[in-house]
1. Using the structure shown, decide if A101 is more than 21 Å from A178 (Cβ to Cβ) and modelled with pLDDT of 90 or more.
2. For the condition in contact with a strand residue (DSSP E or B) (Cβ under 7 Å, 6 or more places away or on another chain), open to solvent by 60 Å² or more (accessible area, probe 1.4 Å) and either on the phi < 0 side of the Ramachandran plot or outside any helix (DSSP H, G or I) (or both), what is the one hit in Q395, Q402?
3. Restrict the check to segment 348-357 and report whether at least one residue is among the hydrophobic types (A, V, I, L, M, F, W, C), farther than 27 Å from G495 by Cα and buried (at least 20 other Cβ atoms within 10 Å of the Cβ).
4. Out of all the residues in segment 455-479, which are over 13 Å from V370 (Cα atoms) and either in contact with a Pro (Cβ under 7 Å, 6 or more places away or on another chain) or of a type in the set (G, A, S) (or both)?
5. Against the definition (surrounded by fewer than 19 Cβ atoms within 10 Å (Cβ to Cβ), at pLDDT 50 or above and aromatic (F, W, Y)), how does F248 come out, yes or no?
6. Those residues that are more than 20 Å from W358 (Cβ to Cβ), aliphatic (A, V, I, L, M) and open to solvent by 40 Å² or more (accessible area, probe 1.4 Å), I need them from segment 427-443; list them, please.
7. Any residue that is touching a Phe, Trp or Tyr at 6+ places or on another chain (Cβ under 9 Å) and open to solvent by 40 Å² or more (accessible area, probe 1.4 Å) - is there at least one of those in segment 79-95?
8. Could you list, in sequence order, all residues of segment 466-481 that are in contact with a Leu (Cβ under 7 Å, 6 or more places away or on another chain) and of a type in the set (A, V, I, L, M, F, W, C)?
Amino acid sequence: MAHVASRNQRPRGIEQRLANRLQLVLSSSCAYVVLAILSTLGRSGDSTTSPFWLPAGLTNALALRVGYWGTPVALLGDLVNDLGHGGGHAGQALVLGLGHAGGTALVAYLCRRWMQGQNLFGSLTNLFAFLGAVSLGGLLSTVTAALVMPELRGWPFASEAINWWTSDFGGSLILAPALVCWLGRSGTPRWTDLARPEFSLLLATTVAVSLVLNLDLVKVLSLRPFALLMPLTLWSAFRFSPAAATLFNTVLAMLLTLLPSQRVHLLELTTNLETEQVLQLLVIATLIPALVVLVVNSDRSRSSRKLAQQAASLERTVLERTRSLEQANAQLQRLSSTDGLTGLANRRHFDAVMQQEWSSGIAHDTVLAVALLDVDHFKAYNDHYGHPAGDRCLQAIAQALQGQMRNPSDCVARYGGEEFVVLWPGLTLAAASAIAERLRQAVLELAIPHAANAAGPLVSLSIGVAATHPRAKLNSAQSLIELADQRLYAAKAAGRNRVITG
């Protein structure tokens, strides 16, 4: 059943893709006809509108994005346009349509061979590959058209064949880059730049100036002073993303070439170079550098974003490594200051705390109390019950002692072997003696059997307690510990399992 479902889903997927492509062809063919009509507006009388073939920009953009599916758009759109306007008989219209379709197919083939991916603005290599493919596609269209149009068969500089080719190439420069961006897969924000006040002001100013000049509101004697605004394409390429910059370039070029100017005083550069050819060359010569600047600036922006991302990633990595190092150092510090068996502070840590509290006692004239604790006959316990049992016994005693600590400043540590030490900052001898007694009782309450203990049947402690003011003459931290040790020995001599304070 699963195989049947898979076979049923596959044709439906193919049919859906085919339907989408057919819809694209039909809608693009309609757009082709509209652009063809737009390309011929104003071309009558003494108008100086430049005849750029905008449909070439549509089909070449499709050739880059959807490959050979742009070919039927060129053929169908050209047939509808030529036959619909009565521009010639069916045979001539078919040849012209095949010429444009062949040029589109050539662009699709060359783009796949020469470009790395479909990102027109990914590199200068991609840009020049696309421009080369478009120029060759336009050349194929021109050669094909010359088969049915005798006026295209001469090739002097100002011939109709050159005009035909520049019309295709210029139309692609005007429209294709913007369509490539806005047909998708552009990687750059589309609406962000359009909302910038700078973009809106630039576009509004350009439209206003074009209307003033092209409607003869300002009388001039030269060809389209509005053409002086064309270098603004370089500014837009430098300041905006590809989507916004190509849109501005398209609007600017179309305002220059599509708005008719009825002015009779035209600029003649040579006897062979006519007004509309000047416009064609001006637009082409301006848009190509603008596209180059746009690619270079886009590459710089991508590099800046990549460097920023790498810097952020490196910063996160350094932060994580620093945090890990701090945690490792903290763990190492804990290991270096903790007794591995009991989990209490070790002697090294206790000595550091003792010196710190001794200095604090000198500074504030406070009392300091210390107790040394020894497990009674612990060697005999190990001999009788074994060392693993002895380790468990020390761990239980350590938990009992830690449970009696109520002040964060109190410090209980393993002093060595079966000895423990407790430090009480600020406690008098009497208060420390009372707490030491509670410690002794807490260990007895563990009820750990000790058959080899002469002091009783259970594990017990002998404790020596001492207290002093650190400011006392000839006193030191070591002398206080030695005093507590003497009283511990006194407790042992007195029969063990007791607290001695004096």
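The values are calculated or read from the model by the stated rules, or taken from the named source; none is laboratory data. Since we're looking at a predicted model, the values are computed, not measured. Cβ: placed from backbone, ideal geometry, glycine included. Neighbour counts: every protein chain shown. Protein only, heavy atoms only, side chains kept; ligands, DNA and RNA dropped before computing areas. Shrake-Rupley method; radii C 1.70, N 1.55, O 1.52, S 1.80 Å.
1. On the way: more than 21 Å from A178 (Cβ to Cβ): yes; modelled with pLDDT of 90 or more: yes.
So A101 fits the description; yes.
2. Numbers: Q395 fails: in contact with a strand residue (DSSP E or B) (Cβ under 7 Å, 6 or more places away or on another chain).
The match here is Q402.
3. Filtering segment 348-357 down to residues among the hydrophobic types (A, V, I, L, M, F, W, C) leaves 350, 352-354.
Retained after the next criterion (residues that are farther than 27 Å from G495 by Cα): 350, 352-354.
If we keep only those that are buried (at least 20 other Cβ atoms within 10 Å of the Cβ) as well, we get 350, 354.
Yes, some residue in segment 348-357 is among the hydrophobic types (A, V, I, L, M, F, W, C), farther than 27 Å from G495 by Cα and buried (at least 20 other Cβ atoms within 10 Å of the Cβ).
4. First pass over segment 455-479, keeping only residues over 13 Å from V370 (Cα atoms): 455-462, 471-475.
The answer is A455, G456, P457, L458, S460, S462, A472.
5. Values: surrounded by fewer than 19 Cβ atoms within 10 Å (Cβ to Cβ): no; at pLDDT 50 or above: yes; aromatic (F, W, Y): yes.
So F248 fails the test.
6. Of everything in segment 427-443, those that are more than 20 Å from W358 (Cβ to Cβ), aliphatic (A, V, I, L, M) and open to solvent by 40 Å² or more (accessible area, probe 1.4 Å) turn out to be A430, A434.
7. Looking for residues that are touching a Phe, Trp or Tyr at 6+ places or on another chain (Cβ under 9 Å) and open to solvent by 40 Å² or more (accessible area, probe 1.4 Å), one finds at least one in segment 79-95, hence yes.
8. Within segment 466-481, the subset in contact with a Leu (Cβ under 7 Å, 6 or more places away or on another chain) is 466-468, 470, 480.
Those that are in contact with a Leu (Cβ under 7 Å, 6 or more places away or on another chain) and of a type in the set (A, V, I, L, M, F, W, C): A466, A467, L480.
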